[in-house]
């Protein structure tokens, strides 16, 4: 009798969690038993491409990740670089594409909220936001609705939380019809004496749940983000989270105040996969276990079951490991900021995630099985480029229409150079993006030196809010950081390797044009399914190009 046929779930129920038959066999082998519904859901989100990079992790290992200025590389909530004069900058970019496709306002807004939490979880105060957006043709009414919703969501969250949106890019192409790309980058200046990391430490230390309450919004968001969009995706609105930027502003202040006490041993944002992700990753990184009692979790809805607690992606929530005896000190800080804060669990010696509910054990899984010892697929690369690329490479300039001093002839129409210039200026990708960036507050915090549309990269003044023994005001008063997001997606599509190299080169040029020295990059790879040969070919060659260009 096969494992699948004896499972307490139908093959359809297993597939609905994003788990392949052979992966279910692996789960049963690791547990020594069939999982229950909650555990199946935990594996489903943590073994999604969004969380464990099961297809892309071997490719990402090509990237150079060390350097004289690199303080924190991949593996934590955000990267951190040394700016000199005692200043340290945290930065990261991530996408919220699928949520934005089905609910553009909240999808984009919570994308901003999520990337901000990755920054201040490290102990950094967010100082700037950027975004990189792709939409279909503006001739299409649905595209206009998505475009309006996404821009409104970004401006709403960023403006309300008080972080300036200082730069970005917007492209339009029919290829993105119904499937917009919404990528948000955040930068933050370290405020804490030590960089806050996420690995749980100290057997017996209390685990604190802080921030907002837990509801049923964002259910299975990580699996949703890893699946391909379809006509049925509009039914996945529950997978889209709902954000509260004013609550996040309080969370920023409370977290930074808490970190400065020295009472926090580790911190993790509850992003993709919520409680499941934060407990398993903190435990695995620390080489310990976490026991968490769901009955202690503050909720906004009644009648929730473990599956819903564990897969909810309700926003503005964090998990802390506190030093024993200092938990009340932290709880008082969060209560003073009007936020939830409860001791919901304990660090345990056995390296497992144990979830308690109504006096029983709702789930018990080895932490590494969820966080780092996940399936990895080494896929075969196409031996030659796909047909679409080979056809494109055959193009030569001989195919261009004949030019004269008066203009050109295209498809039987005579166009003057004036006509052509006006047509180009009218193209949405080339036309002014002022309609977009005028909705963003790019001067809040009063440190934006170069505003959107003003140069090739944004420039933000960096200065500590409090005097630091490592920082000289005289030395640092003219110090700034430049940031840019760049990608010519058409180049990458036609030749992923050369296109990806060009992306890195373009970003470096844009930084140098404002007088900045390129220090580090953070990538955000938006590709089709790597389980399809063409998708994997594009991803693999783009990673190779980025790695080579960075080196």
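Coordinate-derived values only; no laboratory data. Just so it is clear, the model here is predicted, and its values are computed rather than measured. Cβ coordinates were reconstructed from backbone atoms using ideal geometry, including for glycine residues, and neighbour counts include every protein chain displayed.
A few notes on this one:
- Efficiency of FRET between residue 417 and residue 175 - r from beta-carbon atoms, R0 35 angstrom, step 0.05: 0.75
- Going from the residue with the fewest nearby Cβ atoms within 10 Å to the one with the most, 142, 92, 37 rank 142, 37, 92.
- Gyration tensor verdict on region 387-431 (Cα atoms; rounded if a/c is under 1.5, prolate if a/b is larger than b/c, oblate otherwise): oblate
- Seen against the Cα atoms of the chain and their longest principal axis, helix 245-260 is set at about 60 degrees.
- For the chain, the longest principal axis of the alpha carbon atoms and the long axis of helix 104-120 meet at an angle near 60°.
- Among 305-314, 273-282, 426-435, the peptide with the highest mean count of other Cβ atoms within 10 Å heads the list, and the full ranking is 273-282, 305-314, 426-435.
- At q = 0.12 Å⁻¹, base-10 log of I(q)/I(0) for region 487-551 (Debye sum, equal scatterers on each alpha carbon): -0.30
- Pairwise centroid distance, computed over Cα atoms, of region 1-74 with region 154-195, Å: 28
- Seen through its C-alpha gyration tensor, with square-root eigenvalues sorted a ≥ b ≥ c, region 1-120 comes out prolate because a/c lies at 1.5 or above while a/b is bigger than b/c.
- Dimensionless Rg/Rh of the chain - Kirkwood Rh, Rg from C-alpha atoms: 0.98
- For region 306-414, fraction of C-alpha pairs farther apart than 15 Å, in %: 82
- DSSP finds beta bridges in the chain, and of those with both partners inside it, around 80 percent are antiparallel.
- Angle of helix 37-46 to the longest C-alpha principal axis of the chain, folded into 0 to 90 degrees and rounded to 10: 40°.
- Shape of region 353-467, Cα gyration tensor, a/c cut at 1.5: oblate
- Inter-label distance for residue 491 and residue 20, nm, one decimal - labels placed 7 Å from Cα along Cα-to-Cβ: 3.4
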